[in-house]
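The values are calculated or read from the model by the stated rules, or taken from the named source; none is laboratory data. In this text the structure is predicted, and so the values were computed from the model without any measurement. We place every Cβ from the backbone using ideal geometry, glycine too, and count neighbours over all the protein chains shown.
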Amino acid sequence: MPAIYWLTQPRNHAATLEPQVLIGLKDKRVPINQGWLWHNALRAAGKESRVYTYPDDHHALDGVECAADVFVNTACWYSHHLSGSNGP
């Protein structure tokens, strides 16, 4: 495996991030298990991570209801992490 590939793997940066994980269950670009592996790597690194799944959406997560839910959850995530509150 080329070194650049290994260096750019998201799991190698799990200790420095605390993202939410959004998974469109009809995604044909990124296998669903990749989202769960990312979430597990974050948790193993001691980071907070939440997974949101969207059964009727693809990679873009652009269905109307999905987009609204992504917007609300992302706003709550930023509010929580920028304010230091106890929960999103």
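Summary of values
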read-out: Residue match in the range 50-72 (condition: touching a residue at least 12 places away in the same chain (Cβ under 8 Å), out of contact with any Asp or Glu (no Cβ under 8 Å at 6 or more places or on another chain) and in a helix (DSSP H, G or I)); value: yes
read-out: Selection within the range 60-88 - in contact with a strand residue (DSSP E or B) (Cβ under 9 Å, 6 or more places away or on another chain) and closer than 22 Å to His13 by Cα; value: Thr74
read-out: Residue match in the range 37-44 (condition: of a type in the set (Phe, Trp, Tyr) and loosely packed, with under 15 Cβ neighbours inside 10 Å); value: no
read-out: Looking only at the range 42-88, and only at residues there that are small (Gly, Ala, Ser) and in contact with a His (Cβ under 8 Å, 6 or more places away or on another chain), the one that is modelled with the highest pLDDT; value: Ser49
read-out: Verdict on Ile23 being assigned to a helix (DSSP H, G or I) and either out of contact with any Lys or Arg (no Cβ under 7 Å at 6 or more places or on another chain) or on the phi < 0 side of the Ramachandran plot (or both); value: no
read-out: Residue within the range 4-27 that is surrounded by 15 or more Cβ atoms within 10 Å (Cβ to Cβ), acidic (Asp, Glu) and under 12 Å from the mean Cα position of the chain (by Cα) present; value: yes
